[in-house]
Amino acid sequence: MTRNTMIALAAGGSAALLAGAFEFQLLGYAPCPMCLWQRWPHAAAIIIGILAVAIPGRFMPALGAIAAAATGAIGVYHTGVERDWWEGPASCSGGNGLDGLSGADLLAVEGPAIVMCDQVAWEFLSLSMASWNALVSFALMAVWVTALRLSAGSKATGSSRTV
């Protein structure tokens, strides 16, 4: 496979994960704040992928790998919060009481719109969405690293290396 094919696979994988997150949201699974944090590096990876096809060299695939690693790391952190391995942010893990709520939130008939980060909303094969995001994101990081290596190889040999 070529560098650009690997970039397209990596950026496309982030696009698929982001589309899946929006699909779950449309199905009624409201995202918690940490879920939203995991989306930003995927959006960055998509933009990086588009730019990387147009810009030769190793810089853009390296940025793509960093973006994939970032969302994977957030997914691991989020999984740990869900599984009670460590404390999560007080703003979405129940540690702050009513501090984050406005008067309007407290008086709302339907109640405040709070989605807790330490609650698993959906699982498949005993893994939450955060866990799946971490696993797939680290796989996408490996694809970005392969694109990075192909970028280095094509620069050294002056050709378009394939795997």
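Taken together, the values in this text are just the output of simple stated rules run on the coordinates, not laboratory data. Quick caveat: nothing in here was measured; it's all calculated off a predicted structure. Counting neighbours? That spans all protein chains shown, and the Cβs are built from the backbone with ideal geometry, glycine included.
Working only with C-alpha atoms, what are the Rg and Dmax values of the stretch 1-87, expressed in angstrom?
My reading of the Cα-based Rg and Dmax gives 14.4, 44 Å.
Residues with beta-carbon under 12 Å from that of V120, excluding V120: net charge, scoring Lys, Arg +1 and Asp, Glu -1?
Around V120, the surrounding residues sum to -3.
Could you sort the peptides 19-26, 70-77 by per-residue average Cβ neighbour count (10 Å cutoff), highest mean leading?
Descending packing order for the listed peptides: 70-77, 19-26.
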